[in-house]
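Each remark here refers to the structure printed beneath this line.
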Amino acid sequence: MRWTLVIILAFIILLAGYTVWPFYSLYRIASAVETRNSAALQELIDFPSLRVSMSQQIANAHLKLTSRRKQAKAPEVLNRGSGPWSLMRCWPK
């Protein structure tokens with residue numbers, strides 16, 4: 001009976017830590033922004049990977065929106081991969 005209570009209590013503590021951790025990180029980021037502490041902000045946020053992720057998301061959203069408006073798929077150059085041979089395949093014959 002005691003081991004069951006210990007295991008349940010440990011599980012509850014771990015679950016509480018798992019749910020509180022993102023809010024604590026957000027609090028640290030907000031306090032670094034409020035105090036204008038750029039060193040702490042750079043320590044908390046990985047800006048190069050954030051930049052890559054955001055650019056991919058923006059490019060995908062743009063392709064999705066423009067293909068919806070034109071009612072066509074993305075250009076063949078984007079679908080065939082990269083390299084000089086991919087450009088040669090989509091040239092008109």
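Throughout, read-outs are computed from the coordinates displayed, never taken from laboratory work. Computed from a predicted model, the values in this text were never measured in an experiment. Backbone-built Cβ (ideal geometry, glycine too); neighbour counts: all protein chains shown.
Before moving on, here are some points about what is shown:
- At most 15 other Cβ within 10 Å, DSSP loop - chymotrypsin sites (Phe, Trp or Tyr not before Pro), region 1-57: none
- Once the Cβ-Cβ distance of A59 and R2 is raised to the sixth power relative to R0 = 41 Å, the FRET efficiency obtained is 0.15.
- Inter-site label distance for R28 and T66 at 7 Å from Cα along Cβ, in nm: 4.0 nm
- Karplus-derived HN-Hα couplings along region 44-60 (A = 6.51, B = -1.76, C = 1.60, θ = phi - 60°), whole Hz, x at Gly and Pro: 7, 10, 8, 5, x, 6, 5, 4, 5, 5, 5, 5, 5, 5, 5, 5, 5
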